[in-house]
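Notes for the one structure printed next.
All of the numbers you see were taken from the coordinates with simple rules; none came from a lab. Keep in mind the model is a prediction, meaning the values are calculated, not measured. Glycine also receives a Cβ, built like all others from the backbone with ideal geometry; neighbour counts cover every protein chain displayed.
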Amino acid sequence: MDFLKTFTKKNMARNKKRTVVTIIGVMLSAALICTVAGMSASFMKSLRENEIRTVGSFHAQFCDVPADKLSLITENVHVEEYCITSANEIALNEASEKESLPFINLVRFDATANDMLAVQLTEGRLPEKEGEIVIPEQINTMCNSHLAVGDTMRLPVGKRMWNGMEIACWYPIITKDNASTFLSMIEESDPDLYEKCKDTTPDETFEIYETREYKVTGIMTEMCSYARNYDNVSLPCIVWSDDRDLTDSEELVSVYVRFDDVKHADEYCDQIQVSYDDVSDGVAYTKTDLARLNGSVNDTVNRTFQRIVLVILIVIVSMSVFVITNSFRISVSEKEGQYGMLTSIGATKKQIKKTVYAEGALIGIIGTLSGILLGILVMLALVAIVNYLMSDLLSMHMVFAFPWWVALLTALMTAITIYFSCMIPARAAAKIPPIEAIRGNRDYNAKLTGKKLKTSNMIRRLFGVGGVIASKNLKRSRRKYRTTVVSLVLGVAAFVGLSSFINLGESAVRTQYTSVEYDLMANMMLNPEVVENGVEKTASVWKKVSGLPHVDRLYTYQYTDFYLSAEAYGSEEVWNDPEGQFSLGVVLMSDEDFREYAKKVGVKEKDMENAVILADDYTEYGEKTKIYRLTNLSEGDSFHGELEVSENGDLARKPMDLTVAKVTDVHPIGYETLYGGNRGLIAVPASRFAAYSFPEQSGAFIKSDDAEAAETEITDLMLTDETYGLQVYVYNLKEESSQMKRVLITVSIFLYGFVIVITLIGVTNVINTISTDMNFRAREFAMLKSVGMSGREFNRMIRLESLMYGAKSLAIGLPIGVLIAYALNKAFSGSFEVAFQLPLVSMLISVLAVALIVGFTMHLSLVKINRQNIIETIRKQTL
Amino acid sequence: MEILRVEHLSKIYGEGEKEVRAVDDVSFSVEKGEFLAIIGASGSGKSTLLHLLGGVDRPTSGKVLIDGEDIYGLNDESLAIFRRRQVGLIYQFYNLLPVLTAKENITLPMDLDGQTPDPEKVERIISQMGLTGREDHLPNQMSGGQQQRVAIGRALINDPAIILADELTGNLDQKSTEEIVELLRVANKQNKQTVIVITHDLEIAKQADRVITISDGRIVKDERN
């Protein structure tokens, strides 16, 4: 076999350019595989590390575990590590100057919990002994305390009591005014207690059983979410779990476990849970995302992600095989004479095939190693880009990971690519009859006839004999050019289609987030158990918001529903309400905003009082976009229906008659955000229905001069006592728009990068085919010149050939790309409406790219051919 | 002793009106050690006949028996092995591998057989072919005559039963032609190798033991010199 190695290596060295171009193709394919696999590994590692950083390094939490029965977990053979917390103690938050958050929930951590559970400290350390405490920073920011590391806190520890009954530490404050809600809860669950308490509804009390002094050792921003309560009355603080013996304790604790084999986490958790059935009221468990990310068996998310990555890898390998096969086919065709000669002197088919595979193996090894290196570099760049653009959006820092299996997978998949790429050319090489090599018939194609090479007279008339020869050559070399045309077609179609997808995303962001009328959106939630006169309170808070320094204009709204009878007023083909009723949205606007809107749509001053504005157009997206009116109402029409309100915490409907002052298709501010921007509605001033409460939250669209500053002002306002019981969620639409743009940029980088690399693999094939074919025909060209074709005519012939070749690729690729773009537009038209536009820019870029690739390759070959001596070229041996 | 027997050998291309009988029902035999020249005009079928004898083309009908073995009864693998061991083919256009040196081209049949060439034998052949000092030259570094001698050396390295030469001097000048023909004569006389040459050069034909004349694919004359 030494001869075969020598033969292979020497031939590769003889055709350096083609060998290098093929290696580049393999390298790009390997790099793409490596990058996809490596980025998925990096992403998973990032998720795992983020989970450990924000939650902790455990796989499951068991809640309400009897402290005297811990051994069922702690002595389980599959439990590698565990820790215990309890959050049963509560103390008064005497440092608080705020009515809200009157309590501190003491969360006990043992030593292992300090390691296993995540706590984000801004200062100091976790407790290491009894008498030490870590406090949340909210104790200072929300409660106006001024505690620092090293300070001492006196905490009255006790129980919340109401009517002789202990209340859970997370329950809202019970006063005589809201005790009815609490009573209604216990009416069914504990009738005896209900009977005892129903007539006496005092405020709750706090019974202190001990006062403790704690030294502040640390201040935290966040702690493991599994270890704390989330309520409106307390803040969690971490204290040391004393070394008491829990063997006989009746306390219920939480246990956090890390298993030795996380893949069976579900099975182990179920076993443990069952073991507690006989000895307790039952324990519940929650598996963490860390368990899922480490591949616990029943996790579908992991499997789905792996499958997606596998599909992408198969696509890469398939496309690579498709183009790289052609490179080996060219290599074989160049050596047809040699293979024929080898066969004539006794080389077997197996030996011939082995030379092709040997070339593949050599190219594969070089391509794989360089591809892995390139893949690593690309991964490092991508990780840096993602962190720069997206770390705040992802709420995690992406890390670079390159486990050994990525390199192995890359090598394996590249080997598969090379094997399948060599298979057909190897068989073709083995089949070359020696007689054709002896005859020097390099263009062996028994099926070629004059009829098959016939060209139209139009070509001769338009382009002369050069055009005829160019056209005949393309027909002669159909198979050779097919792969390269397909490579270019795929690249063009993918680029045009994907560009349109990216443009679609950009248009959607622009449509959704760009509004000159507002740049913030706020929703207000109120807790009816602590807030009375919700409507007035809400209005008062909005008034305060509108007076903030950075708020220019505020458009408040409240929305609810108005039910109509379909038979009377409905458009039945649109509505599918089974009870035959449908509803219009009701937007309750401030009087000032309503007046402004009414004037805008043309309501006359005399009709302003009691005006009801109807905007009931509905857009149906589909193959053809249709716009309906949902009702048949006209201006001046009266209609009967029921307004949905809130009464004593329940929904109710109030019958009433309304009269349409104006029908319009001009929508109130924020319409595109309410109901997804496509619902019939009526607009009325809120004062009209001031007597009612409504079930939904109220909101506002805010125009500011500095969105970020206005957001901070609103958040600070909600921390004051005046807004107790109310919460406002502010959405910075400008910031969201900027975030979405960053997401789009990141997605673009990945998608375009993928398309460009796949296209480049195809381009290597294009360069190989064209340059080899030009060399192959060197004697033909020399003969043409020898019989009198001028240099100018010759160059023109070659340019015609590249024009025909490039035009064919574009003629197929561009329509496919446009079809993909159109299909994507229609696919997303249900989510948002963006009119389809021909992706002219990306089409133009594709035309230029194809012209450049094909033209440049042919030009280089042309320069080489024009330098050659005519007679020497003709005399050259066939081999 | 008979080394080659040809029985009713035919090679037909095309069908019907387009049928071409390149070799038409040819039968003859060759003794071991014989120097046979096959002559004929251009297109007479002599090269086709030679290729059929060498197993590089398949006949339409008929048999070729070399050392009693019907070569067209062999499968492809066996035929390839037969070619490398029993036949030495020399072509008009040398058909050397451009990437191998003179020495590597000569030892090619042995390399294909997985054998290690005897260095002394290789040295002797190189010397016989007058290629001493050019062992490491590539074909493009040699003249036509030198390349043809490499091709002869390759044909001789495995001591084949038959050497088949197709117009091997067609591309050479007079001096090279004489040298090449002499090499074949030496191989024939000294090594007792059977040599069959295709030629249109009557001077070469005169030096053979026997001359077969082919016309339109048929033997029209078979005479001894």
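Summary table
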item	result
Mean shadow area of the protein assembly as shown over all directions, Cα convex hull, nm²	65.5
For peptides A:370-378, A:485-493, A:205-213, sequence by mean Cβ density within 10 Å, most packed first	A:485-493, A:370-378, A:205-213
Neighbour net charge for residue A:627 - beta-carbon separation under 10 angstrom, K R +1, D E -1	-1
Label-point separation, residue A:373 to residue A:281 (7 Å along Cα→Cβ), nm	6.7
Charged-residue dipole, Cβ positions (Lys, Arg, Asp, Glu), region B:53-187 about Cα centre, Debye nearest 20	140
Descending principal axes extents, region A:738-784, alpha-carbon based, whole Å	64, 15, 6
Contour excess over end-to-end distance, with Cα ends at residue A:738 and residue A:465 and 0.36 nm allotted per residue	92.4 nm
Mean separation of Cα contacts under 8 Å (6+ apart) over length of chain A, as relative contact order %	17
Long pairs among A:335/B:192; A:69/A:287; A:864/B:175; A:5/B:192, criterion Cα-Cα beyond 25 Å	A:335/B:192; A:864/B:175; A:5/B:192
Distance in nm between pseudo-label sites at residue A:540 and residue B:174 (7 Å out along the Cβ direction from Cα)	12.8
Stretchable slack from residue A:77 to residue A:792, in nm (0.36 nm times residue separation minus alpha-carbon distance)	248.8 nm
Karplus 3J(HN,Hα) series, Hz, for region A:372-389 with 6.51 cos²θ - 1.76 cosθ + 1.60 (x for Gly, Pro)	5, 4, 4, x, 4, 4, 4, 4, 4, 5, 5, 4, 5, 5, 4, 5, 5, 8
Ellipsoid semi-axes in whole angstrom, largest first, where each is sqrt(5λ) of the Cα gyration tensor of region B:157-201	19, 12, 8
Simple label model, 7 Å out from Cα along Cβ direction - residue B:192 to residue A:863, nm	6.4
Pairwise FRET efficiency - residue A:478 versus residue A:752, Cβ, R0 = 25 Å, nearest 0.05	0.20
Size of electric dipole in the protein assembly as shown: Cβ of Lys, Arg +1 and of Asp, Glu -1, about Cα centre, debye, nearest 20	12360
Kirkwood hydrodynamic radius of region A:245-294, from inverse mean 1/r over distinct Cα pairs, in Å	12.4
Ellipticity estimate at 222 nm from DSSP helix runs (n ≥ 4, -39,500 (n - 2.57)) divided over chain A, nearest 500	-17000 deg cm²/dmol
Cα-centre dipole for region A:37-128 with unit charges at Cβ (Lys and Arg positive, Asp and Glu negative), debye to 20	360
Positive-pole candidate from A:194, A:4, A:761, dipole of chain A, charges at beta carbon	A:4
Using θ = phi - 60° and Karplus 6.51 cos²θ - 1.76 cosθ + 1.60, couplings along region A:681-691 (whole Hz; Gly, Pro as x)	8, 10, 10, 9, x, 4, 4, 4, 10, 5, 6
Normalised alpha carbon radius of gyration of region B:115-225 [divisor 2.2 N^0.38 Å]	1.15
Contour minus Cα-Cα distance for residue A:606 and residue A:510 (0.36 nm per residue)	30.7 nm
Other protein chain Cβ atoms within 10 Å, averaged over every residue that makes up B:82-93	3
Mean-position separation - Cα centroids, region A:746-766 and region A:9-40, in angstrom	15
Pairwise FRET efficiency - residue A:200 versus residue A:745, Cβ, R0 = 45 Å, nearest 0.05	0.10
Dipole of the protein assembly as shown [Lys/Arg +1, Asp/Glu -1 at C-beta], most positive-end residue of A:586, A:782, B:225	B:225
Efficiency of FRET between residue A:552 and residue A:650 - r from beta-carbon atoms, R0 30 angstrom, step 0.05	0.20
Per-residue HN-Hα couplings for region A:728-739 [Karplus 6.51, -1.76, 1.60; θ = phi - 60°; Hz; x = Gly/Pro]	10, 9, 9, 10, 7, 5, 5, 5, 4, 4, 5, 5
Chain B: most fluctuating residue of B:16, B:68, B:43 per GNM, C-alpha cutoff 10 Å	B:16
Amide N proximity, region A:167-206 versus residue A:250 label position 7 Å along Cα-to-Cβ, cut-off under 11 Å	none
Subset of A:350/B:32; A:604/A:703; A:350/B:18 violating a 29 Å alpha-carbon distance limit	A:350/B:32; A:350/B:18
